[in-house]
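The values are calculated or read from the model by the stated rules, or taken from the named source; none is laboratory data. Everything numeric here is computed off the predicted structure, so don't read it as measured data. Note: ideal-geometry Cβ built from the backbone for every residue, glycine included; neighbour counts use all protein chains shown.
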Amino acid sequence: MKMSKSLGNTISPLELMKEHGADILRLWALSVIRARITASARRSLGGVADQYRKLSNTFRYLLGARRGFFARRR
């Protein structure tokens, strides 16, 4: 069913930010096409949150590995 303010079935962005974080909400907004935003926003946010965590952990690992690499070369 389509989301509508008059039906009262919308999801508050502030509620989603408290649950998932602002970065996850931004990433989700970038990943959906405006015409295809559906009532399954909560489900798709879960997928985006998983993608964000994987990406974040990969960069964290790479930065940690880089720090040790440059210290040994000097």
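A count restricted to the stretch 17-28 and to residues that are hydrophobic (A, V, I, L, M, F, W, C) and either over 14 Å from residue 47 (Cβ atoms) or in contact with a strand residue (DSSP E or B) (Cβ under 6 Å, 6 or more places away or on another chain) (or both) stands at 2.
Considering only helices (runs of 4 or more DSSP H) fully contained in the chain, which possess at least 1 residues that are at pLDDT below 80? Even if it seems obvious, please write down each step before you answer.
On the way: elements: 13-20, 22-31, 41-73.
Passing ranges, in order: 22-31, 41-73.
Residue pairs whose Cβ atoms lie under 8 Å apart, separated by 6 or more positions or on different chains, with the first residue in the stretch 1-27 and under 16 Å from residue 51 (Cβ atoms) and the second surrounded by 13 or more Cβ atoms within 10 Å (Cβ to Cβ) and basic (Lys, Arg), do not occur.
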